[in-house]
Ligand SMILES: Cc1cc2nc3c(=O)[nH]c(=O)nc-3n(C[C@H](O)[C@H](O)[C@H](O)COP(=O)(O)OP(=O)(O)OC[C@H]3O[C@@H](n4cnc5c(N)ncnc54)[C@H](O)[C@@H]3O)c2cc1C
């Protein structure tokens with residue numbers, strides 16, 4: 001087969017949320033642009049829905065995205081990976097040897113699962129969770145007689161996997177070296193009730209324990225040995241391990257190209273420009289800064305990737321726009337609890353040199369006399385320096401994303417505890433606590449009270465106003 005050479009105005013490398021959003025936005029703004037996208041996998045995925053497909057809540061094919069999301073725009077989609085690249089010359093060779101030159105390159109290669117350097121981690125029955133192949137391997141294991149699964153990593157991905165396997169009737173072990181689940185989302189006090197819930201629902205939770213090694217029999221894991229000397233056995237023929245210990249940027253292809261990078265990925269400015277003219281990047285393959293303290297922070301979320309990609313598209317289309325930074329609003333579920341987190345936890349604030357002021361709010365989620373009125377607990381984190389809100393955590397029996405997003409907006413708009421305590425809210429028996437209170441306002445008032453108690457002599461009239 002002869003090698004094809006083609007020129008395109010814009011070449012997209014990667015077909016995840018960043019690649020798709022960039023393509024759709026750019027084509028909307030500039031329909032005449034010639035765009036080609038390279039993506040190796042058969043279909044793009046709605047990764048967030050994988051645990052619920054594994055659980056069997058719907059046919060797993062529903063997690064596959066339609067290629068038309070790209071091709072309907074008039075862009076060309078090539079199902080191949082970029083294998084060689086010359087970023088200065090804007091020349092890319094795909095896995096079949098075909099050559100593309102472009103005026104603009106948009107890098108959206110995302111992130112891969114981190115594989116920790118543990119002895120035995122190459123065992124055949126160890127799976128990660130991201131791609132269609134991963135999902136199909138996990139489905140095969142679940143459908144073909146797995147009785148026990150060990151999930152390593154109790155972040156949002158690991159915890160959702162553990163619940164899915166348990167729902168399929170497996171005996172599930174969830175292991176993390178941190179002292180709590182969801183350590184990037186919740187402080188200890190907010191995570192604590194979730195430990196009880198996971199255990200009550202039959203998940204064997206082991207915290208503050210590292211995996212020391214994985215033992216194998218004929219290439220398959222049959223024992224996980226933990227740092228405290230205890231171990232968990234597996235039937236190597238049927239059982240499996242899921243590794244969910246984090247993601248690292250997929251940027252190997254771009255090394256030695258003069259592209260500025262750090263451990264979190266390609267460094268871009270607020271317009272998603274790399275240090276090489278005409279080369280843009282967005283999403284999980286990028287390093288970016290926090291919108292709160294402007295220092296680098298990890299933010300490997302689809303809800304970061306999509307807006308970054310839209311900014312890049314606007315800039316490539318000749319319109320100006322800037323990305324304000326990661327705030328990392330995120331959500332997950334632990335059985336009946338709906339969990340939201342945004343900005344800095346108390347622990348993260350301290351790690352970043354900020355002394356936090358904390359407040360809590362707790363109400364029933366509905367009017368207390370309503371059936372199943374549930375509970376909502378909110379923790380608010382502010383900077384002691386100016387009482388500006390820098391974080392929030394929510395553990396609730398109702399969906400937590402709207403409340404999480406309110407706190408994110410407060411952080412983005414620079415509201416102080418006093419500013420957010422003035423939130424004008426709504427109330428109705430089936431949808432909220434009573435008009436007398438709402439948990440976000442209560443948390444802010446609680447934080448302000450405890451701050452004022454300790455700082456009676458300090459008056460902060462100006463910084464307590466919204467900026
Ligand atoms: C199980 C799971 C659940 C998640 N749940 C949530 C959630 O609930 N909420 C949330 O906000 N985020 C969630 N995330 C994170 C979210 O999916 C990612 O942040 C998002 O997919 C990043 O988008 P992206 O386009 O930057 O990268 P990716 O989605 O990783 O896409 C990268 C694309 O680049 C392609 N690529 C890589 N190398 C090459 C190459 N050499 N040539 C061509 N193409 C290449 C890949 O094949 C892929 O198509 C979840 C992730 C996982 C794995």
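The values are calculated or read from the model by the stated rules, or taken from the named source; none is laboratory data. Bear in mind that the values here come from a model prediction, so they are computed numbers and not experimental data. Every residue, glycine among them, receives a Cβ derived from its backbone with ideal geometry; neighbour counts consider all protein chains shown.
At-a-glance table
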{"read-out": "Residue 390 being within 30 Å of residue 322 (Cα to Cα), surrounded by 14 or more Cβ atoms within 10 Å (Cβ to Cβ) and touching a strand residue (DSSP E or B) at 6+ places or on another chain (Cβ under 7 Å)", "value": "yes"}
{"read-out": "Residue check, residue 133 within 12 Å of the ligand (Cβ to nearest atom), within 26 Å of residue 286 (Cβ to Cβ) and surrounded by fewer than 15 Cβ atoms within 10 Å (Cβ to Cβ)", "value": "yes"}
{"read-out": "Residue 91 out of contact with any helix residue (DSSP H, G or I) (no Cβ under 7 Å at 6 or more places or on another chain), over 25 Å from residue 307 (Cβ atoms), assigned by TED's automatic domain parsing to the domain that holds residue 284 and within 15 Å of the ligand (Cβ to nearest atom)", "value": "yes"}
{"read-out": "Members of the stretch 5-32 that are over 22 Å from the mean Cα position of the chain (by Cα), in contact (Cβ under 8 Å) with a residue 60 or more places away in the chain and in a loop (DSSP other than H, G, I, E, B)", "value": "30"}
{"read-out": "Within the stretch 336-399, strands (runs of 3 or more DSSP E) holding 3 or more residues that are over 21 Å from residue 195 (Cβ atoms) and in contact with a helix residue (DSSP H, G or I) (Cβ under 9 Å, 6 or more places away or on another chain)", "value": "356-363, 376-383, 389-396"}
{"read-out": "Hits in the stretch 287-317 - residues which are within 16 Å of the ligand (Cβ to nearest atom) and out of contact with any helix residue (DSSP H, G or I) (no Cβ under 7 Å at 6 or more places or on another chain)", "value": "287, 288, 297, 298, 299, 301, 303, 304, 307, 311"}
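Yes or no, residue by residue, for (1) over 25 Å from the mean Cα position of the chain (by Cα); (2) in a strand (DSSP E or B):
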position	(1), (2)
89	yes, no
96	yes, no
106	no, yes
121	no, no
124	yes, no
134	no, no
137	no, no
141	yes, no
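Yes/no matrix, rows are residues, columns are (1) outside the structural domain of residue 409 (by TED's automatic domain parsing); (2) under 23 Å from residue 87 (Cβ atoms); (3) surrounded by fewer than 24 Cβ atoms within 10 Å (Cβ to Cβ):
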| position | (1), (2), (3) |
| --- | --- |
| 264 | yes, yes, yes |
| 275 | yes, yes, yes |
| 282 | yes, yes, no |
| 294 | yes, no, yes |
